[in-house]
1. Which ones in segment A:305-325 are open to solvent by 40 Å² or more (accessible area, probe 1.4 Å) and part of a loop (DSSP other than H, G, I, E, B)?
2. Before we move on, is A:R26 over 25 Å from the mean Cα position of the chain (by Cα) and open to solvent by 40 Å² or more (accessible area, probe 1.4 Å)?
3. I'd like the full set of residues that are in a helix (DSSP H, G or I), polar (S, T, N, Q) and surrounded by 17 or more Cβ atoms within 10 Å (Cβ to Cβ), limited to segment B:47-90.
4. Based on what the data block shows, is A:P308 over 20 Å from A:G437 (Cα atoms), touching a helix residue (DSSP H, G or I) at 6+ places or on another chain (Cβ under 8 Å) and within 16 Å of the ligand (Cβ to nearest atom)?
5. With respect to B:G41, determine if the residue is modelled with pLDDT of 90 or more, of a type in the set (G, A, S) and surrounded by fewer than 16 Cβ atoms within 10 Å (Cβ to Cβ).
6. Can you tell me which residue among A:G374, A:G433 is within 16 Å of the ligand (Cβ to nearest atom), touching a Lys or Arg at 6+ places or on another chain (Cβ under 6 Å) and either without any contact (Cβ under 8 Å) to a residue 40 or more places away in the chain or open to solvent by 30 Å² or more (accessible area, probe 1.4 Å) (or both)?
7. Being over 18 Å from the mean Cα position of the chain (by Cα) and surrounded by 20 or more Cβ atoms within 10 Å (Cβ to Cβ) narrows it down to one of A:V237, A:V169, A:V182, so name that one.
8. Within the group A:D350, A:D328, A:D336, A:D417, which residue is open to solvent by 10 Å² or more (accessible area, probe 1.4 Å) and either within 15 Å of the ligand (Cβ to nearest atom) or free of Cβ contacts under 8 Å to residues at least 24 places away in the same chain (or both)?
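The values are calculated or read from the model by the stated rules, or taken from the named source; none is laboratory data. All values derive from a computational prediction rather than experimental measurement. As a convention, Cβ positions derive from the backbone with ideal geometry for all residues, glycine included, and neighbour counts pool all protein chains shown. Just so you know, the surface numbers come from the protein's heavy atoms only, side chains and all, with ligands and any DNA or RNA stripped out. Shrake-Rupley method; radii C 1.70, N 1.55, O 1.52, S 1.80 Å.
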Amino acid sequence: MVKRMGKTLYQKVWENHIVKTLQDGRDQVFIGLHLVHEVTSPQAFGMLKEKGLRVKYPGRTFATVDHIIPTDDPVRPFQDAKAEEMVAALYENTQDHDIKFFDPASNKQGIIHVIGPELGLTQPGMTICCGDSHTSTHGAFGALAFGIGTSQVRDVLATQTLAIKRLKVRRIEIEGVLGDGVYAKDVILHVIRQLGVHGGVGFAYEFGGSAIDSMEMEARMTLCNMAIEGGARIGYVNPDQKTFEYLKGRAYAPDEKWEEAKAYWTGIQSDPDADYDDLVRFEAEVIKPTLTWGVNPAQAIEIGEALPVMESESAKDAAKYMHLGDVDSMLGVPVDVAFIGSCTNGRLSDLREVARVVQGHKVHERVRALIVPGSMKVALEAEAEGISKVLRNAGFEVRQPGCSMCLAMNPDKLVGDELCVSSSNRNFKGRQGSSSGRTVLMSPVMVAAAAVTGAIADPREAFGKGLRCSYGNE
Amino acid sequence: MAMSETKRVGRGVFIPGNNLDTDQITPARYLKCVTFDELSGTLFYDERFDSDGNEKEHPINDPRFNGAGVLLVGKNFGCGSSREHAPQAIKRCGFKAIVGESFAEIFQGNCTALGVLCVTASQPTIEKLAKGIEMAPSAEIEIDIETQRVSSLGAEYKCRIDSSVRDAFLRGAWDPLDTLLSAGAEIDATFKQLPYSGWV
Ligand code: SF4
């Protein structure tokens, strides 16, 4: 008997985007959506110019400015001359090549991975790339979305295609209901802790199971955003009713062709009998509020859990860098800075949830607490809903949108060996702007708990029992 | 197109440690540039210099390894960002090849597109190569792309080069742009058959 083998979403979308298979075994793949920002694009436009080439499909590339934009006063010219030079280059390049640029004047500026979905540019069944590793975020919609380097940005600009190798697909299934104080961020930190920072190399991660089905789109984005931190260049969730509802009516979502679009999006879902290269299962109940202790996202533990015995050289080095010499767990570690924002957790639902839990609390006097909305839209809506007011009253500084302290290319930086509890995605040494600065990754609600306590705290204790995630569970 | 080649040779330098990420290779504050021209000085900056700019002990600062062309590294080298600044800094410091236990995928792709060859070898092999250059810093390391062998100081070891990377270097076609451009009409045809081509 012949075993019938279905296809994964990855296979289906990959196959319908192949232009041809190249001599070296890679595929030449058409890219449906190309996103660019100021850090990784100027050199690519430069390379294009050098070769006398033009952008092949200018209508399929969209730009914004996010990494270097100041979040206190984003008015040009920027005080930092180098930042100004970068943004000026983006204006020039997008104008020169007829590319739509969502600049601050458009009221649509924001972190590229926040505005893509917001505008409905990100759609299921598309190939999406950007010179930025967290492009995996867009996979939440059932797109194949991945980061590329600058030479590849050049390739996409010039040809709207890439030479790229097909990945294997690992399904990561999370069944059950997430517990109190457990958010998409905790889920992905748990997965990375279990599978390692390079466990996903060579794979696309397909996230599924009832816990994922229950997640709202913004929680799914948090999940896929960090697939790359586990080594998987792509993370995705099969599109479903929630995906369609999110997209309906968005500026760039199909309108007249809505039904046709829905049919395509439904058709690309992984078949029930799809053939996966690997399958890993987790029980939702097992996942607890999780945070990092070290200098990569897999160096993670549950809140309150004892720190591991530092055996390897790299663990010892990480513990030393983080000043963990005489602590047994992360609970109670004093905090200098609290940062809520980034393409991982800087969306409206994140801010809304933080506002919900911090009502009646005050940021501890020792802590500098920053909230940086992921986009102008998020900022405007947070203002309109009264969320920003609640946050300000609690002692948070609510700033203008951008990447900000996620990687501190703008003026928001750690000083010396300050410790920052952060809702971002990377805790690499020196990531937040000081070569000895320390980053502890966690969910926005856990950041808030630390901000009001002045030290790392269990959000379930800081904000009371029965803390339910309002956007991850049903 | 670049020249086809079967070998890469250079003196080595060993950077110990696993998971050396792109932020360590080029700290984010050095990404503020519109060209890649001035990146070479930023390579491993925070590992090489203290906050006052004084040199720390680091293999790249060690004069014995000046002019090395082959980097020896550990596991998951180049994880983190997809920015090409890290491979660009490596290339602009004169490195032609990296021999490591494993590489982050985007990083390896970026290196290939720049003509920096990524080769994987076992941990014992890298340890032996590292010991060799420690004793004899001027010894050359030779990577045979065709046979997938790396040799130094008279000893030869097996190594692995990703098949498409190997093919690209052997044909001198590590930069894919010309190949991609030549598919012009087929690209348009692929786009036209995509359901979403007519939606906006
Ligand atoms: S928020 Fe951070 S991770 Fe996301 S795009 Fe900006 S710098 Fe990169």
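1. Correct list: A:E305, A:P308, A:V309, A:M310, A:E311, A:S312, A:H323, A:G325.
2. No: the conditions fail for A:R26.
3. B:Q88
4. Spelling it out, it is not the case that A:P308 is over 20 Å from A:G437 (Cα atoms), touching a helix residue (DSSP H, G or I) at 6+ places or on another chain (Cβ under 8 Å) and within 16 Å of the ligand (Cβ to nearest atom).
5. Numbers: modelled with pLDDT of 90 or more: no; of a type in the set (G, A, S): yes; surrounded by fewer than 16 Cβ atoms within 10 Å (Cβ to Cβ): yes.
Answer is no for this residue.
6. Numbers: A:G374 fails: either without any contact (Cβ under 8 Å) to a residue 40 or more places away in the chain or open to solvent by 30 Å² or more (accessible area, probe 1.4 Å) (or both).
The unique qualifying residue is A:G433.
7. On the way: A:V237 fails: over 18 Å from the mean Cα position of the chain (by Cα); A:V182 fails: over 18 Å from the mean Cα position of the chain (by Cα).
A:V169 is the lone residue from the list that is over 18 Å from the mean Cα position of the chain (by Cα) and surrounded by 20 or more Cβ atoms within 10 Å (Cβ to Cβ).
8. Numbers: A:D350 fails: open to solvent by 10 Å² or more (accessible area, probe 1.4 Å); A:D336 fails: either within 15 Å of the ligand (Cβ to nearest atom) or free of Cβ contacts under 8 Å to residues at least 24 places away in the same chain (or both); A:D417 fails: either within 15 Å of the ligand (Cβ to nearest atom) or free of Cβ contacts under 8 Å to residues at least 24 places away in the same chain (or both).
Matching residue, one of A:D350, A:D328, A:D336, A:D417: A:D328.
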